[in-house]
Amino acid sequence: MIIMKKILILGSTGSIGTSALELIRNNREEYQVVAISGNRNIELLKKQIEEFKPLAIYVGAEEEAIKIKNEYSFIEDIYFGENGLAELAKNSDYDIILTAVSGAIGIDATVEAIKREKRIALANKETMVSAGTYINRLLKEYPKAEIIPVDSEHSALFQSLQGFKKENVKKLIITASGGTFRGKNLEVLENVTVEEALKHPNWSMGKKITIDSSTLVNKGLEVIEAHELFNVPYDDIEVVVHPQSIIHSMVEYVDGSIIAQMGVPSMKTPILYAFSYPKKEFNASIDFLDLIKTKTLTFEEADRKVFKGIDLAYRAGRTGETMPTVFNAANEVAVELFMKKKIKFLDIYRIIEEAMDNHNLISLDTDEALSIIKEVDKETRRKVREQWER
Ligand code: NDP
Ligand code: MG
């Protein structure tokens, strides 16, 4: 007998959210969408509501939420505003929550899902970067809660760790496509445009993460995310540029074996794995890799002098405490300002570095850790805006 899994999707109108719904569309016997959330893209949200008939929804604006409730009689609960995502995660009836909103706004909903000991299919890496110390402490308090990574590198690491002993791991090797500007020097990068930065060679993703990929801040976020998810020291986490994006990451063991996870660059496989783990499941919407057509896999060192996003992240991660929160918050605002054409590409690194230089570290070894993280997040955003928003 198939037991239906009830799925809540935070960020259903985004790139990850729509991929998840495509998977579910192809397996309606096993998955039921109980709640979805959008923000600005009301048109798409309504299409999703009509197709999947969720019982609860979130949208940013209250008036939109009310209009939607009046339009669709099967919707029982609506959520909106600042605490709406967390309330949705706190009150809905679900088995798995896919966190696919972009940015640290996903923290509270993840916290609520952990407290209810749910499975969290975690795409929202900023939550793990900004609040990883607190999240890990909370996971110890609620041992039945589980986080299954959706970020492709972390899904690859998670899969490559299955069946082996953690103490036999030598290092985690995170692959990077190198982003849109791979091979470019600082003179070129000084004047690159938003439009150029938004053209990713291999992956089609939301705008924020596409900019993060072009600065390699995304890879930096992923190094911190890996440290928090797998509890591996920073010295044992390495980044390797692999332009084809076929190997999604690897684990090297003490006996010299490297276990890698490969596939086409599509987020459907990692989302599906987070839904079906520990099973591997077929889905008609999955694309399969043709190795003969793939032909070559190459590897090279990342240019960390030009793409400072990686080293800034290692620095934030090694410093620990509230520094990863600052790294993430400064980057989120910097990316937003870059997209609004208020700053230049390389200012993104300047903003992150300055925010970190000026931050007075606060210990998170306290019951107040979550409120400290939120305060530091807010304060970092305020300072960056004050200085750079013109
Ligand atoms: P998108 O920008 O495509 O989607 C973001 C989603 O969040 C949309 O549903 C959007 O709603 C919603 N949203 C945006 N702002 C708010 C807000 N203030 N309040 C509530 N909801 C909001 O992002 P992606 O799908 O690309 O990424 C989602 C997360 O997954 C990110 O953390 C990213 O780092 C991570 N990730 C993404 C990958 C990818 O391939 N895309 C790969 C690995 C990780 P609306 O559009 O309706 O405004
Ligand atoms: Mg990734």
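Brief remarks follow.
- Selection among Asn91, Thr18, Leu45 by position relative to the dipole of the stretch 1-103 gives Thr18 as farthest towards the positive end (Cβ unit charges, Cα centre).
- Averaging the Cα positions of each part gives two centres, and for the stretch 314-338 and the stretch 1-38 these lie 31 Å apart.
- Cα-based reach from Lys165 at 23 Å (exclusive), listing lysines while leaving out same-chain residues under 8 positions away: Lys140, Lys144, Lys279, Lys280
- Within straight-line reach of Lys53, meaning a Cα separation under 19 Å, sit the following aspartates and glutamates at least 8 residues removed in sequence or on another chain: Glu22, Glu29, Glu30, Glu43, Glu64, Glu71, Glu76, Asp77, Asp93, Asp95.
- Along the stretch 45-59 the Karplus relation, 6.51 cos²θ - 1.76 cosθ + 1.60 evaluated at θ = phi - 60°, assigns HN-Hα couplings of 4, 5, 4, 5, 4, 4, 6, 9, 6, x, 8, 9, 9, 10, 9 Hz to successive residues, with x for each Gly and Pro.
- Mean separation of Cα contacts under 8 Å, 6 or more apart, over the residue count of the chain: relative contact order %: 15
- Straight Cα distances below 27 angstrom link Lys342 to the lysines Lys125, Lys184, Lys199, Lys207, Lys208, Lys219, Lys305, Lys308, Lys374, Lys378, Lys383, with same-chain residues fewer than 8 positions distant left out.
- Gyration tensor (alpha-carbon) shape descriptor, the chain, a/c threshold 1.5: rounded
- Relative contact order %, the stretch 325-390, counting alpha carbon pairs below 8 Å whose residues are six or more apart: 50
- For the chain, the solvent-accessible area works out to 45 Å² per residue, with a probe of 1.4 Å and every protein chain left in place.
- Note on the stretch 149-224: percent of Cα-Cα distances in each 10 Å bin, starting at 0 and stopping at the bin with the largest distance, equals 17, 43, 24, 13, 3.
- Solvent-accessible surface of protein heavy atoms, probed at 1.4 angstrom with all chains present, puts Lys69, Lys5 in the order Lys69, Lys5, largest first.
- Cβ-Cβ distance of Glu353 and Lys115, R₀ of 30 Å, FRET efficiency by 1/(1 + (r/R0)^6): the value works out to about 0.25.
- Placing +1 on the Cβ of every Lys and Arg and -1 on the Cβ of every Asp and Glu, with no other charges, gives the chain a dipole of roughly 620 debye about its Cα centre.
- Ranked by how many other beta carbons lie within 10 Å on average, peptides 17-29, 220-232, 192-204 from highest: 220-232, 17-29, 192-204
- Cα centroids of the stretch 214-258 and the stretch 188-205: 23 Å apart.
- Summary value for the stretch 25-68: 42 percent relative contact order, contacts being C-alpha pairs under 8 angstrom separated by 6+ residues.
- Taking amide hydrogens as placed 1.01 Å from N in the peptide plane, the amide H of Ala121 sits under 5 Å from those of Ile97, Leu98, Thr99, Ile148, each at least 5 positions away in sequence or on another chain.
The values are calculated or read from the model by the stated rules, or taken from the named source; none is laboratory data. All values derive from a computational prediction rather than experimental measurement. So basically every Cβ, Gly included, is an ideal-geometry build from the backbone, and we count neighbours across all protein chains shown. Accessible surface is based on the protein model in full, side chains and every heavy atom, while ligands, DNA and RNA are left aside. Shrake-Rupley method; radii C 1.70, N 1.55, O 1.52, S 1.80 Å.
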